[in-house]
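Undergrad: Take a look at this one; I'll ask things after.
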Amino acid sequence: MRKAFRSEMLSVARDPRDDPDAVRHEPDGLLVIDDGIVIARGDYADLSDGFAGVPTETLPGLIVPGFVDAHVHYPQMDSIASHGAQLLDWLDRHIFPAERAFADRAHADAVASAFLDELLRNGTTSALVFPTVHAHSVDALFEAALDRRMRIISGKILMDLGPEGLADTPETARTETEALIRRWQGRGRLGYAVTPRFALTSSDEQLRVAGDLVAAHPGVLMHTHLSENVHECAAVAARFSDARDYLDVYDRFGLVGDRSVFAHGVHLSDRACTRLAESGAGIAVCPSSNLFLGSGFFDFGQADAHGIRLGLGTDIGAGTSFSMLHTAGLAYQAALAREDALDPFRALYLATAGSARLLHIEDRVGSLEVGQEADFVVLDSAATPLLARRTRDASLAERLFALQILGDDRVILQTYILGHCAWDRAQGFARPAMETTR
Ligand code: GUN
Ligand code: ZN
């Protein structure tokens, strides 16, 4: 069915560092949609005559593409804000106990639903998600995503050196991952990622299995953590003393390629940066998590000097907010701590098309270009009295920056999935009326 939306619109399809024309802004735009796909977009004055018969809704805010969270853990949503420890202790004290509870499928179903609703409330329409080691934690997430028609990528965690109750084996890693790929890869808007937790929780044998899985399934992603925290880096260096650096551990098992997504990368050697860029692999930058766990500040200058692909992730539950706007604001502050100033349009790019590119879904979502799926958010730059004051008479760049520094879920007026309103600040959630593609 055809319909159209009239509103102010903004998107950034390419990295504005490389292409100053990447920013696209229509102060009074028209977005025309047919069966959930964008078929026209431009200035209202130019397009309205051509689509005169199409039912048109005027939306009261700034339309931007739905946010793409490039790294987040759904089982950790109820562990957010757990006090007092850096990464390795935090995992032992807070996270592994929470993940053990996912042995219960009903618990996984309940958390998966709450998690996806929280993404929608924050304007996030696509995400690359860590579940737990339990295969049914993937089923729970994907079934809830199908119900909401969201674009979600995930894959069972591989962790045969994990603690009691959370350890699989190289063999179950292989058979369960193969079965999950058969069940889910490419179904609806879903995608699969081979997901070794990090170097410390997999044996060499299991890392080899992960490499085999990636080689056997060229359509899937590889998703893991890399060089996040100094204590973790020291433990990796001690166990893999013959590796050139942390990235080299993954490289030796065939886990570094253009479909690899590494979360964090806070402490990278120049050699690792060169290798990341040459392989086409990308980094999901997670500034709120890096601050919360005392991991440090991501070095945008180093990554950009090497031309590494970047996206943004919340990394809930080490991350402290589901909001990709707030995460973009913290990315600015992390960059500034290393004497770099992140432009607000580039920050928006990283939170949308940049993350989509990392996840290899940039042809489908991230910039609201013709042919893309109509996942978008309506932002209210007067959502709080302070934002209203700060954005009154402000330029577009100032308004966008204020939304990133002061904004969060409160500025999300509406979230649209495939042209249907899935969340409305006044009305709440609406499930899609159309058939799901089960
Ligand atoms: N490294 C290994 N597992 C995790 C995790 O759950 N969260 C974060 N932030 N880092 C990790
Ligand atoms: Zn993580």
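The values are calculated or read from the model by the stated rules, or taken from the named source; none is laboratory data. Being a predicted model, the structure only gives us computed values, none of them experimental. Cβ atoms come from the backbone with ideal geometry, glycine included; neighbour counts cover every protein chain shown. All accessible areas refer to the heavy atoms of the entire protein, side chains included, with ligands and DNA or RNA removed. Shrake-Rupley method; radii C 1.70, N 1.55, O 1.52, S 1.80 Å.
Undergrad: Looking at (1) surrounded by 24 or more Cβ atoms within 10 Å (Cβ to Cβ); (2) within 15 Å of ligand 1 (Cβ to nearest atom), which one does ALA140 not meet, given that it meets all the others?
TA: Against the list (1) surrounded by 24 or more Cβ atoms within 10 Å (Cβ to Cβ); (2) within 15 Å of ligand 1 (Cβ to nearest atom), ALA140 comes up short only on (2).
Residue-wise test of (1) closer than 29 Å to GLY354 by Cβ; (2) part of a helix (DSSP H, G or I); (3) modelled with pLDDT of 95 or more.
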site	(1), (2), (3)
VAL72	yes, no, yes
HIS94	no, yes, yes
LEU120	yes, yes, yes
LEU146	yes, yes, yes
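Undergrad: Something else now. Within region 318-330, track down each residue that is within 16 Å of ligand 2 (Cβ to nearest atom) and within 22 Å of THR415 (Cβ to Cβ). Give the steps one after another, and end with the answer.
TA: Looking only at region 318-330, we keep the residues that are within 16 Å of ligand 2 (Cβ to nearest atom), and these are 318-322, 324, 327, 330.
If the condition is that a residue be within 16 Å of ligand 2 (Cβ to nearest atom) and within 22 Å of THR415 (Cβ to Cβ), then GLY319, THR320, SER321, PHE322, MET324, THR327, LEU330 are the ones that fit.
Undergrad: Continuing with the same structure: Pick out the one residue from GLY294, GLY329 that is within 14 Å of ligand 1 (Cβ to nearest atom) and either modelled with pLDDT of 95 or more or open to solvent by 10 Å² or more (accessible area, probe 1.4 Å) (or both).
TA: On the way: GLY329 fails: within 14 Å of ligand 1 (Cβ to nearest atom).
Exactly one residue qualifies, and that residue is GLY294.
Undergrad: Next question. For region 254-282, what are the residues that are within 16 Å of ligand 1 (Cβ to nearest atom) and outside any loop (DSSP other than H, G, I, E, B)? If you could, list the steps in order and put the result at the bottom.
TA: Narrowing region 254-282 to residues within 16 Å of ligand 1 (Cβ to nearest atom): 255, 260-268.
Once the filter is applied, which keeps residues that are within 16 Å of ligand 1 (Cβ to nearest atom) and outside any loop (DSSP other than H, G, I, E, B), region 254-282 yields SER260, VAL261, PHE262, ALA263, HIS264.
Undergrad: Which pairs do you get when a residue that is acidic (Asp, Glu), found in region 282-300, comes within reach of a residue that is more than 13 Å from ligand 1 (Cβ to nearest atom), reach meaning Cβ atoms under 7 angstrom, with the pair 6+ apart or on two chains?
TA: ASP299/ARG338
Undergrad: While we're on this one: Pick from PHE115, PHE67, PHE51: which is out of contact with any Asp or Glu (no Cβ under 6 Å at 6 or more places or on another chain), aromatic (Phe, Trp, Tyr) and within 16 Å of ligand 2 (Cβ to nearest atom)?
TA: Details: PHE67 fails: within 16 Å of ligand 2 (Cβ to nearest atom); PHE51 fails: within 16 Å of ligand 2 (Cβ to nearest atom).
Among PHE115, PHE67, PHE51, only PHE115 is out of contact with any Asp or Glu (no Cβ under 6 Å at 6 or more places or on another chain), aromatic (Phe, Trp, Tyr) and within 16 Å of ligand 2 (Cβ to nearest atom).
Undergrad: Checking the conditions here, which among ARG105, ARG121, ARG148 is open to solvent by 10 Å² or more (accessible area, probe 1.4 Å) and touching a His at 6+ places or on another chain (Cβ under 7 Å)? Don't jump to the end; show me each part of the working.
TA: On the way: ARG121 fails: touching a His at 6+ places or on another chain (Cβ under 7 Å); ARG148 fails: touching a His at 6+ places or on another chain (Cβ under 7 Å).
Unique residue meeting the criteria: ARG105.
Undergrad: Also, I was wondering about something else. If you check ASP89, ASP78, which single one turns out to be within 16 Å of ligand 2 (Cβ to nearest atom), open to solvent by 70 Å² or more (accessible area, probe 1.4 Å), part of a helix (DSSP H, G or I) and touching a residue at least 12 places away in the same chain (Cβ under 8 Å)?
TA: On the way: ASP89 fails: touching a residue at least 12 places away in the same chain (Cβ under 8 Å).
That would be ASP78, the only listed residue that is within 16 Å of ligand 2 (Cβ to nearest atom), open to solvent by 70 Å² or more (accessible area, probe 1.4 Å), part of a helix (DSSP H, G or I) and touching a residue at least 12 places away in the same chain (Cβ under 8 Å).
Undergrad: May I ask you to list pairs of residues, at least six apart or on different chains, whose Cβ atoms are under 7 Å apart, with the first in region 329-341 being more than 14 Å from GLY313 (Cβ to Cβ) and the second being outside any helix (DSSP H, G or I) and among the acidic types (Asp, Glu)?
TA: Matching pairs, first to second residue: ARG338/ASP299.
Undergrad: Please enumerate the residues belonging to region 224-249 that are more than 16 Å from ligand 2 (Cβ to nearest atom), touching a residue at least 12 places away in the same chain (Cβ under 8 Å) and among the acidic types (Asp, Glu).
TA: Within region 224-249, the first condition is being more than 16 Å from ligand 2 (Cβ to nearest atom), and the residues that meet it are 230, 234-235, 237-245, 247-249.
Keeping just the survivors that are touching a residue at least 12 places away in the same chain (Cβ under 8 Å) gives 230, 235, 239-240, 244-245, 247-249.
Result: ASP245, ASP248.
Undergrad: If you go through region 1-54 one residue at a time, how many are free of Cβ contacts under 8 Å to residues at least 40 places away in the same chain, in a loop (DSSP other than H, G, I, E, B) and hydrophobic (A, V, I, L, M, F, W, C)?
TA: Counting residues in region 1-54 that are free of Cβ contacts under 8 Å to residues at least 40 places away in the same chain, in a loop (DSSP other than H, G, I, E, B) and hydrophobic (A, V, I, L, M, F, W, C) gives 2.
Undergrad: Shifting gears a bit: Does at least one position in region 267-281 carry a residue that is in contact with a Lys or Arg (Cβ under 7 Å, 6 or more places away or on another chain) and surrounded by 24 or more Cβ atoms within 10 Å (Cβ to Cβ)?
TA: No, region 267-281 contains no residue that is in contact with a Lys or Arg (Cβ under 7 Å, 6 or more places away or on another chain) and surrounded by 24 or more Cβ atoms within 10 Å (Cβ to Cβ).
Undergrad: Determine whether region 292-304 contains at least one residue that is within 17 Å of CYS233 (Cα to Cα), aromatic (Phe, Trp, Tyr) and within 16 Å of ligand 2 (Cβ to nearest atom). I'd like the intermediate steps shown before the answer.
TA: Looking only at region 292-304, we keep the residues that are within 17 Å of CYS233 (Cα to Cα), and these are 293-299.
Next, from what is left, pick out any that are aromatic (Phe, Trp, Tyr): 297-298.
Now narrow it down to the ones that are within 16 Å of ligand 2 (Cβ to nearest atom): 298.
Within region 292-304 (the criterion being within 17 Å of CYS233 (Cα to Cα), aromatic (Phe, Trp, Tyr) and within 16 Å of ligand 2 (Cβ to nearest atom)), the answer is yes, since at least one residue qualifies.
Undergrad: Pull up region 215-235, narrow it to residues that are more than 29 Å from ARG357 (Cα to Cα) and within 12 Å of ligand 1 (Cβ to nearest atom), then point me to the one that is least open to solvent (accessible area, probe 1.4 Å). Explain how you work it out, then say what you get.
TA: Pass one, region 215-235, residues more than 29 Å from ARG357 (Cα to Cα): 231, 234-235.
Of the ones still in play, those that are also within 12 Å of ligand 1 (Cβ to nearest atom) are 231, 235.
Values: HIS231: 106, ALA235: 35 Å².
Per the criteria, the residue is ALA235.
Undergrad: Within region 303-315, does at least one residue satisfy the condition of being buried (at least 22 other Cβ atoms within 10 Å of the Cβ), part of a helix (DSSP H, G or I) and of a type in the set (A, V, I, L, M, F, W, C)? Write out each step before concluding.
TA: Filtering region 303-315 down to residues buried (at least 22 other Cβ atoms within 10 Å of the Cβ) leaves 308, 310-315.
Still in the list and also part of a helix (DSSP H, G or I): none.
No, because not a single residue in region 303-315 is buried (at least 22 other Cβ atoms within 10 Å of the Cβ), part of a helix (DSSP H, G or I) and of a type in the set (A, V, I, L, M, F, W, C).
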